[in-house]
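Have a look at the structure below, then the notes.
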Amino acid sequence: MASTAQSRIKSISYAKYGYMFIAPFFIVYAFFQIWPLINTFILSFFGNGDAAFGAEAQEFMALDNYKTLLFGGDDRRSNALHDTFVQSFINTVILWVGNFIPQIALSLLLAVWFTDSKLHIPGQGAFKVIMYLPNIITAVSVAALFMRFISNSQTSAANIILQNMGNEAIKFENDPAWSRGIVMFIQTWMWFGNTMIMMMSGILGINPSLFEAANIDGASSGQVLGKITLPLLKPMVVYTLITSMIGGLQMFDIPFLYHTAAGDIKDHLRTVAVFIYEQFRVGNNVHSPQYGVAGAASIMLFFVTAILGIFVFRMNRDQDEARKKAERKALVKEYKKQQKLAKKGGLE
Amino acid sequence: MNNLKKTLALMAALAMTATAFVGCGDDKTSTSESATEATTVAEETTEEATDAPENESSDDETSADDGAAASTDGPGTPDGTLGEGGDALTILCWTEDDLSYMYDVVANATGMDKAMMVYKNVGANGTEANEKYAQVFAADEDVDLFFCDADWNMAYQNNDEYSAPLSGVGITEDMYADAYDYTVPMGKDANGVLKGVTWQVAAGGYAYRTDLAEQYLGITTPEDMQAAISDWDAFWATAATVYEKSEGVTAMADSLGGVWRAYSNGNRTSAWVQDGVITADNSKACLGDFINMAKTNYDAGYISTASQWTDDWLPQGMSAGTQANKTMGFFFPTWSLGAGSQLSKAEGEEGTEGSTYGLYNVVAGPTGWFWGGTWICVSPKTDNATEAGQFLYAMTADAEAMQAYVDAKGDFVNNKTVMANTIAAGTNSNPLLGGQDHLATLADSAAKVDMSIATQYDTTINAELLKAVQAYCEGTIASEDDCVNEFLNKLSESLTDVTVE
């Protein structure tokens with residue numbers, strides 16, 4: 001009986017039109033996304049000769065680019081690249097950790113306050129918009145803004161204040177602590193609104209009856225936060241952690257833009273993404289980009305991101321959920337087994 | 001019904017795919033267009049070529065025939081290797097200050113319609129301009145002529161993809177008998193083919209505040225000032241006096257970059273890159289005692305902490321504001337001394353608060369030096385070979401037109417006779433320098449400019465060196481050895497086709 005109905009449905013299936021409709025996306029995606037991705041892999045195994053300058057065209061050099069970046073080599077160039085790459089990796093981690101922790105703490109706090117039915121903060125909409133606003137401004141404008149506030153320039157606001165008070169002007173970009181702190185602050189300021197909205201949607205997704213029950217039982221707000229909000233918000237926190245980590249490891253714009261003198265990217269602010277970009281367009285005068293080195297660095301960044309992402313995801317996965325999933329799988333298996341037996345006419 | 005749906009779905013899908021690929025298709029159509037353009041252009045070439053000399057002779061009374069004499073009295077006829085018949089002579093540049101004066105000069109000299117000359121400003125200076133150029137060329141935009149800084153013109157001239165031999169527009173070496181000697185070799189590529197010509201000679205000097213000189217040093221004439229800073233030792237000794245008398249406000253040098261330019265181009269005797277290698281010994285020879293000199297005098301407060309080309313740099317030349325009086329003077333080349341240039345920005349607008357308009361004088365300074373200069377090259381994809389030739393000839397070889405340019409802009413042009421006449425006539429008076437004739441002051445330095453040790457890597461080398469030395473002076477690098485090491489490391493990263501030992 002079921003089989004005839006199924007075959008009839010099959011004959012008038014519209015599925016193929018569905019495939020037709022989504023085909024353009026996949027074709028374009030393959031050309032403009034998948035191929036460049038694969039090509040990055042391929043390029044990372046090649047040298048950087050530039051035919052336009054009479055140098056030898058690209059030659060296959062297996063893992064040499066990776067080896068240079070990870071372990072250096074015998075000549076100055078290899079060692080310099082290695083040092084810069086390692087330093088840029090350290091910078092990236094420092095800058096990301098330094099902006100993620102204050103960002104998540106701040107946005108969690110604000111999200112809890114904004115969603116607390118007892119507090120009833122007036123003008124919530126306005127607050128949300130204002131806090132989200134930095135994220136709407138382009139990074140270039142933000143960088144330009146902060147350059148005028150606090151930078152190497154003697155005419156930046158902070159330095160004018162310092163000088164008017166009779167102090168020496170400070171070259172804020174030169175000091176690792178200052179400049180990293182400023183970049184961390186900018187990143188936090190730009191992204192906490194976004195994270196806050198995420199957290200709020202997570203909290204609002206928690207069943208309100210839990211909060212009501214807690215209130216009736218006389219739980220303090222600290223207990224509500226620790227026992228109800230945070231545990232149930234965990235999936236959202238994990239999601240934020242992973243997306244922020246992916247974004248943070250690829251941090252580019254602010255570290256790249258925060259310098260006064262042209263081209264003066266500071267060694268303690270150079271992230272891996274900045275390093276990749278520099279190698280990609282480095283060269284004397286007219287282009288001799290280092291596709292190989294840039295490609296190898298990109299691929300390594302990709303693997304690090306992927307491994308860290310999986311690690312965080314595994315670590316934070318709900319244990320109960322995992323066990324239940326395994327149990328469900330076992331049940332399904334058992335059910336199928338029984339059906340098979342039933343078909344054979346065994347069990348009654 | 002079913003068919004209709006199918007057809008609709010297919011069409012929608014096709015339309016989407018088609019629009020997605022528009023980006024790829026566009027390029028092809030534009031190149032085929034330009035190809036057809038080029039062929040029609042070729043047909044017109046003969047016609048244009050015969051027209052051009054007639055135009056010339058009507059404007060220039062001395063050139064009677066367009067055959068043999070053409071090489072001395074006007075641009076020769078293009079040899080037909082380059083395109084003709086484009087609507088506009090597009091000039092790629094990073095500042096239009098010079099061009100605005102050139103339009104008039106060229107229009108008067110050649111009879112070319114002023115509206116025909118247009119510029120494309122990449123809006124960035126120095127090294128950045130060079131990168132923007134690469135983008136413009138990569139995008140296949142219409143470019144006929146382009147300006148090249150002395151720091152990187154060799155890279156373009158050595159690349160046939162970007163620059164065409166000037167014989168293609170009728171410009172030959174024998175037109176430059178009167179030019180300053182170094183300018184012609186600098187315009188040639190590695191094979192000795194003339195690819196670029198320049199209209200200016202960028203002799204450098206030291207432009208100082210006369211009011212501060214009188215106040216702190218009791219010096220009232222440029223001659224006395226020159227005597228007080230005749231070599232580097234004297235310069236720093238004077239700097240000490242200025243620093244002391246100004247109670248630590250005024251530094252003698254405007255920036256580390258300025259000192260390096262003067263020192264590098266005045267004292268360096270060997271090329272940075274030799275046979276594709278930068279050796280430790282050679283870099284030591286090139287650096288001389290610059291790093292030590294820079295650190296000592298930076299720490300002493302004799303070199304301002306501002307960096308060139310930042311917002312802090314030029315306001316130091318004014319007498320009010322946060323940067324007031326922070327420098328005694330600037331290391332400026334000739335192209336920084338004209339109307340609308342760096343000096344006029346350093347002085348501020350006449351009559352405004354803190355303006356030092358006309359309070360500057362220029363002297364040769366502690367060393368004869370030069371700073372860059374701009375060469376004009378022709379793009380191989382030009383579609384205005386005749387006009388390009390006319391422009392180049394008027395600006396770089398036609399003495400009359402160049403005289404007109406000197407009178408209008410006060411630039412130091414690349415023609416010995418014109419400069420000698422101008423200086424002898426004493427007509428040049430620069431209001432920014434209180435009426436001083438800066439051309440006469442810098443004529444000796446101009447005659448001594450030697451660019452035989454320039455390489456196409458100098459722009460990167462200068463930039464990386466200044467970054468390292470600036471860091472050492474500011475204390476983020478601990479020692480001189482570390483500074484040199486840092487400099488060479490960065491060079492090895494950026495100069496991909498040079499070995500740094």
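Each value in this text was obtained by applying a stated rule to the coordinates, not by laboratory testing. All figures in this text were calculated on a predicted structure; none of them were measured in a lab. Glycine gets a Cβ as well: all are built from the backbone with ideal geometry, and neighbour counts include every protein chain shown.
Things worth noting here:
- Quarter of Cα convex hull surface for segment B:337-391, i.e. mean projection, nm²: 6.9
- In order along segment B:75-87, the Karplus-derived 3J(HN,Hα) couplings, from 6.51 cos²θ - 1.76 cosθ + 1.60 at θ = phi - 60°, round to x, x, 7, x, 7, x, 7, 10, x, 9, x, x, 6 Hz, and Gly and Pro are given as x.
- In this structure, the amide hydrogen of B:T198, modeled 1.01 Å from its nitrogen in the peptide plane, lies closer than 5 angstrom to those of B:I376, counting only residues at least 5 positions away or on a different chain.
- Projected area, mean over directions - chain A, Cα convex hull, nm²: 31.2
- With 23 Å as the limit on Cα-Cα distance, the pairs of B:K188/B:K284; B:K120/B:K195; B:K416/B:K448; A:K324/A:K344; B:K295/B:K326 that go past it are B:K188/B:K284; A:K324/A:K344.
- Among A:S141, A:A219, A:I170 - extreme Cα towards positive end, dipole of segment A:125-269, charges at beta-carbon: A:A219
- Rg of the Cα atoms in segment A:73-144, relative to 2.2 N^0.38 Å, amounts to 1.82.
- Cα gyration tensor shape for segment B:291-369, rounded if a/c is under 1.5, else prolate or oblate: oblate
- Alpha carbon convex hull of segment A:210-342, volume per residue in cubic angstrom: 205
- 5 angstrom amide H check on B:Y182, placed H, neighbours 5+ away: none
- Panel note: the C-alpha atoms of segment B:80-235, placed on their principal axes, show extents of 62, 35, 32 Å (largest first).
- Karplus (6.51, -1.76, 1.60) ³J(HN,Hα), θ = phi - 60°, over segment B:146-153, in Hz, Gly and Pro reported as x: 9, 7, 10, 6, 4, 5, 9, 5
- Treating r as the C-beta distance of B:N191 and B:D450 and R0 as 22 Å, the FRET efficiency rounds to 0.50.
- Average partner coverage of B:151-161, which counts Cβ from other chains inside 10 Å: 3
- Computed from the Kirkwood radius of its Cα pairs, the Stokes-Einstein diffusion coefficient for segment B:247-334 at 4 °C and 1.567 mPa s stands at 91 µm²/s.
- What the pair-distance distribution of chain B shows, using all Cα-Cα distances binned every 10 Å from zero, is 4, 18, 26, 23, 15, 8, 3, 2, 1, 0 percent.
- If you take all other residues with their beta carbon under 14 Å from the beta carbon of A:T229, and give Lys and Arg +1 and Asp and Glu -1, the sum is +1.
- Annotation for segment A:181-254 versus segment A:292-307: alpha-carbon center distance of 30 Å.
- Each other residue within a Cβ distance under 11 Å of B:T220 adds +1 if Lys or Arg and -1 if Asp or Glu, for a net charge of -4.
- Helical runs (DSSP H, four residues minimum) scored at -39500 (n - 2.57) apiece and divided by the length of the protein assembly as shown put the mean residue ellipticity at 222 nm at -18000 deg cm²/dmol.
- Over segment B:148-253, the ratio between the Cα radius of gyration and 2.2 N^0.38 Å evaluates to 1.66.
- Neighbours of B:N130, meaning other residues whose beta-carbon lies under 9 angstrom from its beta-carbon, give a summed charge of -3 when Lys and Arg score +1 and Asp and Glu score -1.
- In segment B:390-472, a dipole from Cβ-located charges (positive for Lys and Arg, negative for Asp and Glu) runs towards its positive end, and of B:A471, B:L439, B:T396 it is B:A471 whose Cα lies farthest in that direction.
- Among A:E168, A:E321, A:E59, residue whose mean-square fluctuation peaks in a GNM of chain A (springs only between Cα atoms under 10 Å): A:E321
- 5 angstrom amide H check on B:Y360, placed H, neighbours 5+ away: B:T210, B:G434
- Calculated diffusion of the protein assembly as shown, Stokes-Einstein form, Kirkwood radius summed over Cα pairs, 10 °C and 1.306 mPa s, µm²/s: 50
- Full-stretch length increase - B:A177, B:E244 - with 0.36 nm per residue and alpha-carbon distance subtracted: 19.1 nm
- Semi-axes of the equivalent ellipsoid for segment B:398-440, Cα gyration tensor, largest first, Å: 17, 10, 8
- Burial order of peptide ranges B:275-282, B:289-296 (average beta-carbon count within 10 Å, highest first): B:289-296, B:275-282
- Classified by the C-alpha gyration tensor, segment B:191-346 has a prolate form. Its axis ratio a/c, with a ≥ b ≥ c, is 1.5 or above, and a/b is larger than b/c.
- Length available on full extension from B:E474 to B:A9: 0.36 nm per residue minus the Cα-Cα distance, which gives 160.7 nm.
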